[in-house]
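Please read the structure below before turning to the comments.
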Amino acid sequence: GEDAKFGLRMSEIIAAIDLLEESGLIDQVKLLHFHIGSQITKIDKIKTALIEGTRVYAEMRKMGVNRVSFCFEIFDPAKFVEVCPGKHRQYGLPRYLEAVEYCASLSRGLSAEPWVSNGEIIAGLEPPESSIKAIDWITSVGAIPTVCVFRPLSGTDMEEVDPPDTEAMVPVFRRLYE
């Protein structure tokens, strides 16, 4: 979106799509990764981003994008409420998990075309055991786990939170690559 700190702004996405179309490569686009940030707590920013992201996705879907990624960030329900208060109030963890599971089901013959669903978590914001449970759940429903490691960003509500210890992340990534 226009307030993006990472990734592309809307104008850059449109320019990239135009360039891909001009180059005859638009059919190579297969994924729209939409993550507005784990440290956003203002629900109006989340709503605006979801509306904007939905519009972009609808257009990209027409171009053949066949992968969706849901960043639900935290698998432990109590920790989800604490770390993701906006997502909790608006949707709740169960709704995110239902979306991951539903989209993963599209790859099991409910859709005529190939389909891939990712579930994304942010390791280091909950105990490693919970992140491992998330990886196990994501794969059990037929989705692909994506794991990012938390890093505090200046100017956010979590800028004073320490990043996780590297050794604590080893079992999480070991499970991811098993």
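The values are calculated or read from the model by the stated rules, or taken from the named source; none is laboratory data. Since the structure is predicted, the reported quantities are computational estimates derived from the model, not experimental observations. Glycine also receives a Cβ, built like all others from the backbone with ideal geometry; neighbour counts cover every protein chain displayed. Side chains included, ligands, DNA and RNA excluded: accessible areas come from the protein's heavy atoms. Shrake-Rupley method; radii C 1.70, N 1.55, O 1.52, S 1.80 Å.
Quickly run through region 144-178 and pick out the residues that are closer than 18 Å to residue 74 by Cα and part of a helix (DSSP H, G or I).
168, 169, 170, 171, 172, 173, 175, 176
In this structure, does residue 116 turn out to be over 23 Å from residue 77 (Cβ atoms) and modelled with pLDDT of 95 or more?
Details: over 23 Å from residue 77 (Cβ atoms): yes; modelled with pLDDT of 95 or more: no.
Spelling it out, it is not the case that residue 116 is over 23 Å from residue 77 (Cβ atoms) and modelled with pLDDT of 95 or more.
Among 161, 141, which is the only one that is surrounded by 13 or more Cβ atoms within 10 Å (Cβ to Cβ), touching a Pro at 6+ places or on another chain (Cβ under 7 Å) and of a type outside the set (Asp, Glu)? Can you show your working first?
Values: 141 fails: touching a Pro at 6+ places or on another chain (Cβ under 7 Å).
Result: 161 is the single residue among 161, 141 that is surrounded by 13 or more Cβ atoms within 10 Å (Cβ to Cβ), touching a Pro at 6+ places or on another chain (Cβ under 7 Å) and of a type outside the set (Asp, Glu).
Looking at 147, 81, can you tell me which residue is modelled with pLDDT of 85 or more, under 15 Å from residue 172 (Cα atoms), touching a helix residue (DSSP H, G or I) at 6+ places or on another chain (Cβ under 8 Å) and surrounded by fewer than 22 Cβ atoms within 10 Å (Cβ to Cβ)?
Answer to the check: 147.
For region 89-100, name all the residues that are within 23 Å of residue 139 (Cα to Cα) and of a type outside the set (D, E, K, R).
Of the residues in region 89-100, the ones within 23 Å of residue 139 (Cα to Cα) are 91-100.
91, 92, 93, 94, 96, 97, 99, 100, listed by residue number.
Name the residue, out of 102, 96, that is among the hydroxyl-bearing types (Ser, Thr, Tyr), assigned to a helix (DSSP H, G or I) and surrounded by fewer than 17 Cβ atoms within 10 Å (Cβ to Cβ). Explain how you work it out, then say what you get.
Details: 96 fails: surrounded by fewer than 17 Cβ atoms within 10 Å (Cβ to Cβ).
The unique qualifying residue is 102.
State whether one or more residues within region 123-135 are open to solvent by less than 70 Å² (accessible area, probe 1.4 Å), at pLDDT 95 or above and assigned to a strand (DSSP E or B).
Scanning region 123-135 turns up at least one residue that is open to solvent by less than 70 Å² (accessible area, probe 1.4 Å), at pLDDT 95 or above and assigned to a strand (DSSP E or B).
Under 7 Å by Cβ, and 6 or more places apart or on different chains, what pairs join a residue from region 86-105 that is under 14 Å from residue 134 (Cα atoms) with one that is surrounded by fewer than 19 Cβ atoms within 10 Å (Cβ to Cβ)?
93/77; 100/141; 101/141
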